[in-house]
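Report on the structure given below.
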Amino acid sequence: MIEYSKIKIKGDKKNSDFFFKYLDEIYKFRKENKIDLNIKNIHHFVIQTKSEFAVSLICEWLMQSPYNYEFSFVHELKRHHVLRFNDQSPDILIQENLSPEEDFVFFQNSLNPKSKENPNIKFIGEVFEVTDLKKLDGILTNTQKVKFQDPLPDKFYDDYIHWTTPSIYTHNSIGYKQRPNAQRTYLMDQEWNFDDEAKARFKLSKDMFNNLSLNKYVLPIDHFATRIYSHDRELAILEYLTLTNYWFWGAYNIGDQNSSTNVCRNLQGDPESISPAKVFTANNTPAFLSFLDGLPCPTENFVQLYGRRLHHFALGVTDGFIGDESKNYRNVDYVVDQLKNSHMQFLDHVIGSCQEGLKQIFSKKSAHSLLITEYIQRCNEFDGFFTKENVAALTKAAGDDDLIT
Ligand SMILES: [Fe+2]
């Protein structure tokens, strides 16, 4: 069990007394109610896309990441496609909404000009594995007054997922499920199969990833970053800490981009590949004041165009270099060069250096998920997710792209 008072918070972003008062109280409540012992790691992520895009989105993940396509199933008017790395790292579920009725994703997306163009595409949320769902629901519903999409049934099937209503701060939901088997399984009404043409595209995509030797270098999801409004920053973090077993690790001010990057981590000892970090990015001052500060506004500009939503998934890259070390050609440089040759598009070039601690890059936004893929290589066991210089360059590159796409 972690002694929360001993956690030394990193970074230079200032937080209010309000934030620290409730941070303390949330950790105390979690400890008293043994919530950290009940909630375990993230079991899977859910990304919704429209049906016409499902095959292409799966191909993107197969070609750009180490995940494999496992199987598909239908459950309650939603079709899911399971992408898996192994039994320890969270799965990724690509979801299609088969209902003719408009869901909350449609209404969230209708609020902003760019998201309105793709009303069915959105990252839905992450599902945590729990040891005792009934007990957790009792605390979350009765004491914490958390609102769920449906009340927890008295009797529920194995693998039932208990989803919160979307957060007003992030527009994402958190799911909880008990895992009945050692292997990851899902509650399904029926299995579903792609046709031979789709399966051939999957094979081609994965073969390309493997033939380029990217399987030696690219790791599963390391962190996932949500963009929110400046006035929601502290509340979004605190809310997340009331719903999970994550801890506030630290926050860095990216002053010249009028932004900050705030990281919550599972500090129970598992690496990010098993328990990815959750990042929140927000403007320092609201967009409408930026002109008075003479500062750019890439973060809140994104939120105004696309709504509160997940901005990127970051994939880890193994530490190391290729060829003569003096040439400084690192694994991430190789990965990005191979993907560029395969027509994947990136924003800017690989940023940072091993002297600074890590190298990273953003891809262009996927048309099929509206998500950016980041590749991140930490050098010599660097303990962090960015350097201030890197994140300023990444934020600027993504902001420039939002203005032209
Ligand atoms: Fe990132």
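The values are calculated or read from the model by the stated rules, or taken from the named source; none is laboratory data. Please read these numbers as outputs of a predicted model, since none were measured by experiment. Note: ideal-geometry Cβ built from the backbone for every residue, glycine included; neighbour counts use all protein chains shown.
For region 358-405, what are the residues that are β-branched (Val, Ile, Thr) and away from the ligand (no atom under 11 Å from the Cβ)?
Once the filter is applied, which keeps residues that are β-branched (Val, Ile, Thr) and away from the ligand (no atom under 11 Å from the Cβ), region 358-405 yields THR387, ILE404, THR405.
Taking interchain pairs and intrachain pairs at least six residues apart, which have beta carbon atoms under 6 angstrom, with the first residue in region 346-365 and within 14 Å of TYR334 (Cα to Cα) and the second of a type in the set (Val, Ile, Thr) and more than 14 Å from the ligand (Cβ to nearest atom)?
Qualifying pairs under 6 Å: VAL350/VAL336; ILE361/VAL336.
Scan region 4-27 and give yes if some residue there is charged (D, E, K, R), surrounded by 18 or more Cβ atoms within 10 Å (Cβ to Cβ) and not in a helix (DSSP H, G or I), otherwise no.
Yes: one or more hits.
Working only within region 275-291, note down all residues that are aromatic (Phe, Trp, Tyr) and either within 14 Å of the ligand (Cβ to nearest atom) or closer than 24 Å to VAL130 by Cα (or both).
The one that is aromatic (Phe, Trp, Tyr) and either within 14 Å of the ligand (Cβ to nearest atom) or closer than 24 Å to VAL130 by Cα (or both): PHE280.
Based on this model, can you work out whether LYS340 counts as within 16 Å of the ligand (Cβ to nearest atom), not aliphatic (A, V, I, L, M) and not in a loop (DSSP other than H, G, I, E, B)?
No; evaluated as a whole, the condition is false for this residue.
Quickly run through region 372-387 and pick out the residues that are crowded, with 22+ Cβ neighbours inside 10 Å and either of a type in the set (Ser, Thr, Tyr) or assigned to a loop (DSSP other than H, G, I, E, B) (or both).
Result: THR373, TYR375, PHE385, PHE386.
What are the residues in region 259-274 that are within 16 Å of the ligand (Cβ to nearest atom) and under 11 Å from TYR246 (Cβ atoms), if any?
The answer is VAL263, CYS264, ARG265.
Are any residues in region 218-237 within 23 Å of ASP270 (Cβ to Cβ) and either more than 16 Å from the chain's Cα centre (by Cα) or within 11 Å of the ligand (Cβ to nearest atom) (or both), and if so, which ones?
VAL218, ILE221, ASP222, HIS223, PHE224, ALA225, THR226
Just wondering, is there one or more residues in region 121-139 that are surrounded by fewer than 19 Cβ atoms within 10 Å (Cβ to Cβ), touching a Leu at 6+ places or on another chain (Cβ under 9 Å) and more than 30 Å from PHE29 (Cα to Cα)?
No, every residue in region 121-139 fails to be surrounded by fewer than 19 Cβ atoms within 10 Å (Cβ to Cβ), touching a Leu at 6+ places or on another chain (Cβ under 9 Å) and more than 30 Å from PHE29 (Cα to Cα).
Got a number for residues in region 124-150 being farther than 28 Å from ILE94 by Cβ and either in contact with a strand residue (DSSP E or B) (Cβ under 8 Å, 6 or more places away or on another chain) or not hydrophobic (A, V, I, L, M, F, W, C) (or both)?
9
Collect the residues in region 103-149 that are more than 24 Å from the chain's Cα centre (by Cα) and assigned to a loop (DSSP other than H, G, I, E, B), keeping them in residue-number order.
Scanning region 103-149 gives ASP132, GLN144, LYS145.
Could you give every pair whose Cβ atoms fall below 6 Å, whose first residue belongs to region 270-281 and is among the acidic types (Asp, Glu), and whose second residue is within 15 Å of the ligand (Cβ to nearest atom), counting only separations of at least 6 or pairs across chains?
Final answer for the pair search is GLU272/ASP222.
Of all residues being in contact with a His (Cβ under 7 Å, 6 or more places away or on another chain) and under 23 Å from ILE26 (Cα atoms) in region 146-187, which is surrounded by the fewest Cβ atoms within 10 Å (Cβ to Cβ)? Just the residue, please.
For region 146-187, the residue satisfying everything is PHE148.
May I ask you to say which residue of ASP337, ASP324, ASP333 is over 14 Å from GLN257 (Cβ atoms) and either modelled with pLDDT under 90 or in contact with a Ser or Thr (Cβ under 6 Å, 6 or more places away or on another chain) (or both)?
When all the criteria are applied, what remains is ASP324.
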